[in-house]
Amino acid sequence: MRRLGQRLLALGVPAPAAMAALVVGWERDADMPAWQERRRVLSTILELGAAALGSLQGRSSLERLVYSQYAQMADTAQAHAEELARRDVNEGEMRRLSLTDVLTGLNNRRGFFIHAEHIFRLAQRKHARSAVIFADVDGLKQVNDELGHEAGDSLICDAGSIFRESFRDADVVARLGGDEFVAYTLDEGRPHIILERLNANAHAFNLMQERPYRVSISAGIVQCDPGSEQTLLNYLMLADQQMYVHKRKRLH
């Protein structure tokens with residue numbers, strides 16, 4: 001703070017390294033006690049002003065810090081949520097692949113028992129009718145021997161598509177491995193209709209598609225007794241036996 005002449009007083013803001021100046025002037029000169037009183041009053045005003053400015057600056061800095069930390073936390077939370085979503089997708093995809101037959105896209109053996117077992121137990125509790133269908137592709141070995149394994153894989157894929165089309169979306173359809181397929185269906189009171197549908201679909205496929213082989217499928221069906229203590233695996237084995245009976249009748 002400096003006195004400039006007889007009527008001016010300058011104050012630096014902030015002191016001592018001033019970045020701005022507050023200059024006050026009076027129309028009349030004053031004696032020393034008056035100047036001291038003016039200095040005291042202006043010093044008080046300057047201190048209050050500096051404190052207010054410092055408070056505003058500190059509040060602004062605090063707000064910027066809080067906003068920055070909030071934005072960083074929000075970004076971190078979003079990244080964490082996205083990572084969890086990616087993990088869920090990856091885990092779901094891995095689980096799906098573990099239950100799926102790579103060649104046909106149907107359920108594999110594990111997928112069949114996981115999906116069908118739950119429905120089977122529910123049907124047993126509700127005393128609902130259901131059936132297990134076991135199927136086998138005819139002539140796969142001959143196709144592999146004469147046309148090669150690539151043609152054999154194509155035959156399996158074609159048979160899998162025909163088998164899948166012979167059932168409803170709610171039915172559990174799977175490839176057990178090799179040339180064997182299985183399905184579990186609810187409310188199937190007339191199992192012979194499934195065999196008729198399967199044969200009709202195979203016949204239509206052979207007429208419409210040009211293949212170096214003919215698709216033929218043998219199948220056996222067993223109805224599940226809701227009052228029996230037989231397991232789903234037991235019914236699958238019984239359907240397998242029925243399939244061989246059906247195959248022998250067709251080939252002889």
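Approximating the spin labels as points 7 Å out from Cα along Cα→Cβ, the GLN241-to-LEU103 distance works out to 2.7 nm. Rounded to the nearest 0.05, the FRET efficiency derived from the C-beta distance between ASN206 and HIS127 at R0 = 41 Å is 0.55.
Give me LYS126, LYS247 sorted ascending by neighbouring Cβ count inside 10 Å, so fewest comes first.
The fewest-first ordering by Cβ neighbours comes to LYS126, LYS247.
At full extension, ARG214 and LYS249 could sit 10.8 nm farther apart than now, given 0.36 nm per residue minus the alpha carbon distance.
By other beta-carbon atoms within 10 Å, ranking ASP169, ASP138 with the fewest at the front produces ASP169, ASP138.
Given their separation in residues at 0.36 nm each and the Cα-Cα distance between them, LEU233 and LEU147 gain 27.5 nm when the chain is fully extended. Label zone (ARG197, point 7 Å along Cα-to-C-beta; backbone nitrogen cut-off 20 Å) within region 155-169: 158-169. Any idea what % of Cα-Cα pairs in region 152-233 are farther than 18 Å? More than 18 Å apart: 45 percent of the Cα pairs in region 152-233. Each of THR76 and GLN223 was given a label point 7 Å from its Cα along the Cα-to-Cβ line. The distance between the two points is 6.5 nm. Taken over region 109-172, the percentage of Cα pairs per 10 Å bin, counting from 0 up to the bin with the maximum distance, is 18, 38, 26, 14, 4.
Calculated translational diffusion coefficient of region 186-252 (10 °C, 1.306 mPa s; Stokes-Einstein with Kirkwood radius over alpha-carbon pairs) equals 116 µm²/s. The simple Förster model, with R0 at 22 Å and r as the Cβ-Cβ distance, assigns ARG190 and ILE114 a FRET efficiency of 0.20.
Computed from the coordinates by the stated procedures, all read-outs in this text should not be read as laboratory data. Since we're looking at a predicted model, the values are computed, not measured. Every residue, glycine as well, gets a Cβ built from its backbone with ideal geometry; the counts of neighbours run over all protein chains shown.
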